[in-house]
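These notes concern the structure reproduced below.
Taken together, the values in this text are just the output of simple stated rules run on the coordinates, not laboratory data. Every value quoted in this text rests on a predicted model; they were computed, and no experiment measured them. In this analysis, Cβ positions are derived from the backbone assuming ideal geometry, glycine residues included, and neighbour counts consider all displayed protein chains.
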Amino acid sequence: MPKLSTKRAVFLDRDGVLNVDTGYVHKPDEFRWIEGAKEAIKLFNSLDFYVFVVTNQSGVARGYFEEKDILALHKWIDGELRHIGASIDDWRYCPFHRDGIVPEFSMDHPWRKPAAGMIKDLLQSWPVNKDESFLIGDKASDMAAARAAGIAGYLFEGGNLLDFVRSILAKRSSHG
């Protein structure tokens, strides 16, 4: 396998950033893209970023759906992105929650945001330039996870994700 080059990465939350957060989304027919989300991913691809998704999925612990449902949805999302020439490099999800009802997932876990476990795992698994990398999330727990991992975090409060990404990239390029 060829050695991957070190490059910057974007860590994207899923629900509320890539798709409208309607609560425990786990099937393609429930998934509604945030305006500009697919195009934002394609822009990151074109700028040679690694694109990662880090998402809490406590619906597994709560018994609403199973891990296979998350994996099937992520495979479907990958297919949707392929249609426009975009891709996500890697996914991390946390199915754990201390208030869950499914015993093997009913616990605190270092991957559950606001902890930084998912981000740290990706940083160890991929050759990432951490200083040039950042997270986009829609909750305070996302920002806390970014801080705990030692990367910048940007709070997306809705609207067009592509426009939001362009403003982040413009700010970052004017500071560096």
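Worth a mention:
- Separation between Cα centres of the stretch 141-176 and the stretch 42-116, rounded to whole Å: 19 Å
- Tilt relative to the chain, helix 161-174 - C-alpha long axis, 0 to 90 degrees, to 10: 50 degrees
- With distances taken between every two different alpha-carbon atoms, the stretch 88-176 has a Kirkwood hydrodynamic radius of 14.5 Å.
- Taking Cα atoms only, the orientation of helix 140-149 departs from the longest principal axis of the chain by about 70 degrees.
- In the stretch 1-96, Rg over Rh equals 0.98, where Rg is the alpha-carbon radius of gyration and Rh the Kirkwood radius from pairwise Cα distances.
- Three principal axis extents of the chain based on alpha-carbon atoms, in descending order, are 48, 38, 32 Å.
- Take every DSSP beta bridge whose two residues both sit in the chain; close to 5 percent of them are antiparallel.
- Mean residue ellipticity at 222 nm, helices only, the chain: -10500 deg cm²/dmol; runs of at least 4 DSSP H residues each add -39,500 (n - 2.57), and the sum is divided by the number of residues.
- The HN-Hα couplings worked out from phi for the stretch 27-42 by the Karplus form 6.51 cos²θ - 1.76 cosθ + 1.60 (θ = phi - 60°) are 9, x, 6, 9, 8, 10, 4, 5, 4, x, 5, 4, 5, 5, 4, 4 Hz, whole numbers, x standing for Gly and Pro.
- For a straight C-alpha distance cut-off of 14 angstrom, the aspartates and glutamates reachable from LYS130 (same-chain residues fewer than eight places away being disregarded) are ASP121.
- Among ASN19, SER5, LEU43 the positive-end extreme of the charge dipole of the stretch 1-90 (Cβ point charges): SER5
- Ranked TRP76, TRP111, criterion: other C-beta atoms within 10 Å, fewest first: TRP76, TRP111
- Leading residue at positive end of dipole, the chain (Cβ point charges), from ASN129, GLY63, SER106: ASN129
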